[in-house]
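Have a look at the structure below, then the notes.
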């Protein structure tokens, strides 16, 4: 059964290629069957392979062929299956299938139906390659593949130039991180002589001591790549803009799978990170600061998708925090539960947007609780899991992260406190969303109800968002065993209480109105702060002033540069030759015949030796 | 056929003269039909040269090549005359100087 | 001796009628002269010992191929108009360059001919010999010629169609 592994990425690839070569001439029904069905087949195969893997319990290594051979460098096209890969694959194919199913209805009226599924299947393929890769080079291929698909899907409605700009921004900003990652790969290869993950980890352990400079450098470069892909500070600015894409795309790429690739990368190379405690600390700090910043920003946004985008950034910050404190299992656990509940929230938002004439502003919604019950229950369950209310999936994973952060010697309690503040904010903004959209008076009437193909994935994701916390992940063999927990009851109690406090606060402020915050908001400090938060801590402005404008200015200055003169003169000479030669083309048959005769005379004269 | 035989040089000279005549026609005439006729003359002159060479060596190869030249001439005339008809329809004249759309 | 006299007569006829053919204004007249030239060449073929080639020259060249020309000229219905612009043939700028080039070429050809040792044509080559050679070592050339003729047929059929007139096939 394990031999079926290569089939899993093959299904979406074949479907994508088929959809591409038929260039939209396939009937929509067939496109839907092919697009969603291929991912469904992948999910089934993953299930089979997963069962076989559980039975054997051994990591499975499968080499398909040698990719290229350059000197001693010969990366294989090879897959590696262990617990971590299996978790990621299940999330990608499982949640991916539900989102594909949702999309078949969501995108029904779009003219580019088959293009959409071609891109989406290609994305699933690239993402599977990313997580299944046995060496970092193949991983990088998947890494860039998902980047391209993200670009294509963010700019899916390319007729609007703003969407194209958003897509370009997503591509360029992640490219900054990818460059760092490529440098990291170069460094690892020159130092360790291989990019195959398992031998590389062994080589690193034998060559390097804990705290050496090289592993720190390599890990920081890898972190750069992870930060770009996972939208963490300082490269997070692309994710909110990436919401320009269709909502299921946001659910699949920008919530459940691609943005968590950074988390996966760090977890996959955790043996390197264990050699570099400063890099670990950097991961934890990046995660914590990002999660707080994004949570503050999410508090004041109007756009339903932007709220969710900032929430995603914040939650991935939690995962980074977990990785940074060495809570590998907790980080991956949160990755999985987050994939469930954030996909649920995004699809719920998609259903709301779909049924509400593409309305994005939450203050123009309201009272949808009775009108869109499916979306309401999805949102309620998703928000509960997001806010980590007890017994939802998010509760278990977030609790695990916070407790393990607390136990980190030194900075632990501080990280814990920061995480708690983030949890409080998360509860407030997520229930602000629920209360504003689904309670209160109705402002926009929905013009339709979500159909079966939307409701079924939502329901399934609801179930997953609730019970996801009880899944036992097969990660024991992958990560070093964490120390025994001895959390005091006080710490645990506080962790449970904080989201509830947040919920109550949100209720008081946004629903019952008993807690008046207008005075606070309208004070000059409050207004400035709100504006500051609303703009995402003015990061876009900062980058614009710091990087974009100086670059544009420099380009403007260098327009008349002398290097161009050389190239322009080459062009001029070519043009002159062209004009001269084109005079010989008179279009007259006799002229051509005469020229030929002239040539014949010269040739015969040469043969005779006259000339 | 016995007795005095014909000098090869003279036959080849005739071939050369015919060829030059065809060439002059090709370079000077504007009418498509005459251009085709010139081509025929040139092909024919080369056929003369081949047959003469074959006769010089007493080999049949010269005549075989002559038959191939016949095939080439037939194909060329068929296509060329088709083009003549098209040119007449498009430009309403047979003057090749009217068909100068390839002018640079 | 008779053969030599016949040869020079035929050669003169061939040359003169060719020149006449290429200087006519009326295409039909030109064709008649061309046919005359081809017949003269056929006589030459016979004289240098290639009777089979002579027969083919008459039957296919002067017969079939020229008939094609006649058909097309009839189809185009050129009449007596001729082309007034052909009168410009007499202007020096039209004929000076071609004539100079042609003369140079002729001189070169004569030079080439004069370099070779004088030789004479040898006796008769029967049609049987030709047939043996054609379907012996040259059978591949026959195949190629058949393909060429097929291509010519298809090309002529395509070019002759009327829809090209509307720009449909260009």
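Points to keep in mind about this one:
- Chain B: C-alpha gyration tensor shape, a/c 1.5 cut-off, then a/b vs b/c: prolate
- Nearest 10 degrees, 0 to 90: helix A:197-207 Cα axis against chain A principal axis: 80
- Relative packing of peptides B:77-84, A:426-433 - highest average C-beta neighbours within 10 Å first: A:426-433, B:77-84
- Cα centroid of the range A:418-475 to Cα centroid of the range A:298-321, whole Å: 13
- Nitroxide proxy distance, nm - points 7 Å out along Cα→Cβ at residue C:9 and residue A:439: 12.6
- Take the Cα of residue A:568, step 7 Å toward its Cβ, do the same at residue A:511, and the gap between the two points is 6.8 nm.
- Pairs of Cα atoms farther than 12 Å apart, the range A:21-81, %: 77
- Rounded to the nearest angstrom and listed largest first, the equivalent-ellipsoid semi-axes of the range A:295-352 from its Cα gyration tensor are 24, 14, 5.
- For chain A, relative contact order (Cα pairs under 8 Å, six or more residues apart, normalised by length) works out to 12 percent.
- Separation of alpha-carbon centers, the range B:18-39 and the range B:76-98, rounded to whole Å: 15
- Peptide C:134-141 is shielded by partner chain Cβ atoms: per residue, an average of 3 of them sit within 10 Å of its Cβ.
- Proxy reagent accessibility, fewest Cβ within 10 Å first, across C:143, A:191: C:143, A:191
- Annotation: the residues A:97, A:510, A:471, sorted from fewest to most other C-beta atoms within 10 Å of their own C-beta, follow the order A:471, A:510, A:97.
- Helical contribution to [θ] at 222 nm, DSSP H n ≥ 4, -39,500 (n - 2.57), averaged over chain A, rounded to 500: -22500 deg cm²/dmol
- The distance from the alpha carbon centre of the range A:145-218 to that of the range C:92-162 is 69 Å, rounded to a whole number.
- Sorting the segments A:553-564, A:261-272, A:377-388 by their mean number of nearby beta carbons within 10 angstrom, highest to lowest, gives A:377-388, A:261-272, A:553-564.
- Three-way shape call for chain C based on the alpha-carbon gyration tensor, with the a/c threshold at 1.5: oblate
- Debye equation applied to the C-alpha atoms of the protein assembly as shown, log10 I(q)/I(0) at 0.08 Å⁻¹: -0.76
- The modelled label-to-label distance for the pair residue A:29/residue C:146, using points 7 Å beyond Cα in the direction of Cβ, is 5.2 nm.
- Relative contact order, whole percent, for chain C stands at 19, derived from Cα pairs under 8 Å and 6 or more residues apart.
- Subtracting the Cα-Cα distance of residue A:303 and residue A:555 from 0.36 nm times their residue separation leaves 87.2 nm of extension gain.
- Highest average first, the peptides A:461-467, C:124-130 ordered by how many other beta carbon atoms sit within 10 Å of their residues are A:461-467, C:124-130.
- FRET E, pair residue C:55, residue A:584, Förster distance 51 Å, beta-carbon r, rounded to 0.05: 0.65
- Net lengthening on full extension, residue A:471/residue A:179 (0.36 nm per residue, minus Cα-Cα): 101.5 nm
- Shown is the FRET efficiency for residue A:489 and residue A:518, computed with R0 = 51 Å from the Cβ-Cβ distance and rounded to the nearest 0.05: 0.85.
- Shielding value for A:471-478 is 0, the average number of Cβ atoms from other chains within 10 Å of each residue's Cβ.
- Between the beta carbons of residue C:95 and residue A:69, assuming R0 = 56 Å, the FRET efficiency works out to 0.20 to the nearest 0.05.
- Peptide C:35-45 - average C-beta neighbours from other chains (10 Å radius): 3
- Chain B - percent relative contact order, Cα under 8 Å, separation 6 or more: 26
- From least to most packed, judged by other beta carbons within 10 angstrom and beginning with the fewest, A:591, A:143 follow the order A:591, A:143.
A short reminder: the numbers here are calculations on the coordinates, not readings from a lab. In this text, all values refer to a predicted model and were calculated from it rather than measured experimentally. Cβ sites come from the backbone with ideal geometry, for glycine too, and all protein chains shown count toward neighbours.
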